[in-house]
Amino acid sequence: MRLKDLSFRSEDSTRTIVLGNRPLRDYLLEAIVNLNRDVNSIEILGRGRHISRAVTLYNILLTRLGDRITLRNVEIGSQLIKGRRISYIKISIQKS
């Protein structure tokens, strides 16, 4: 199995993790590794049917890391992708 990059960098040491069809543990590992390295904050982005997976990932991170992370922002909305409106949730967390 070829592993693709599960996330991408944006400015100010923030990494965005876009959820897809991979197992949730892959995204969990990516988030924990990023938070333990050089990244100050991560954004978990779930679109469409992956919205609930994004919330589940946040809850697992909160359970595992506890007071080492804080919730910075939650954004909900919709995007126009290939002519269709797709709902999304973006959960921003940062190191404490």
field: Answer residue from segment 66-94, given it is without any contact (Cβ under 8 Å) to a residue 40 or more places away in the chain and within 18 Å of Thr14 (Cα to Cα) and is farthest from the chain's Cα centre (by Cα) among those
entry: Arg68
- prompt: Restricting segment 21-39 to residues that are surrounded by fewer than 13 Cβ atoms within 10 Å (Cβ to Cβ) and polar (S, T, N, Q), which is nearest to Ser96 (Cα to Cα)?
  reply: Asn36
message: Residues that are in a helix (DSSP H, G or I) and of a type in the set (Val, Ile, Thr): does segment 5-17 have at least one?
response: no
message: Restricting to segment 53-84, and then to whatever is surrounded by 11 or more Cβ atoms within 10 Å (Cβ to Cβ) and among the hydroxyl-bearing types (Ser, Thr, Tyr), can you tell me which residue is nearest to Ala31 (Cα to Cα)?
response: Tyr58
query: For the subset of segment 40-52 comprising residues that are in contact with a Ser or Thr (Cβ under 9 Å, 6 or more places away or on another chain) and assigned to a helix (DSSP H, G or I), which member is surrounded by the fewest Cβ atoms within 10 Å (Cβ to Cβ)?
result: Gly48
task: Please go through segment 55-96 and pick out each residue that is of a type outside the set (Gly, Ala, Ser), part of a helix (DSSP H, G or I) and out of contact with any strand residue (DSSP E or B) (no Cβ under 6 Å at 6 or more places or on another chain).
output: Val55, Thr56, Asn59, Ile60, Leu61, Leu62, Thr63, Arg64, Leu65, Asp67, Arg68
- request: Find all pairs meeting these conditions: Cβ atoms under 9 angstrom apart; at least six residues apart or on different chains; first residue within segment 13-37 and touching a residue at least 60 places away in the same chain (Cβ under 8 Å) and over 22 Å from Tyr88 (Cα atoms); second residue surrounded by 12 or more Cβ atoms within 10 Å (Cβ to Cβ) and aliphatic (A, V, I, L, M).
  value: Leu35/Ile42; Leu35/Leu61; Leu35/Leu65; Leu35/Ile69; Leu35/Ile93
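Coordinate-derived values only; no laboratory data. Not measured: the values here are computed from a predicted model. We place every Cβ from the backbone using ideal geometry, glycine too, and count neighbours over all the protein chains shown.
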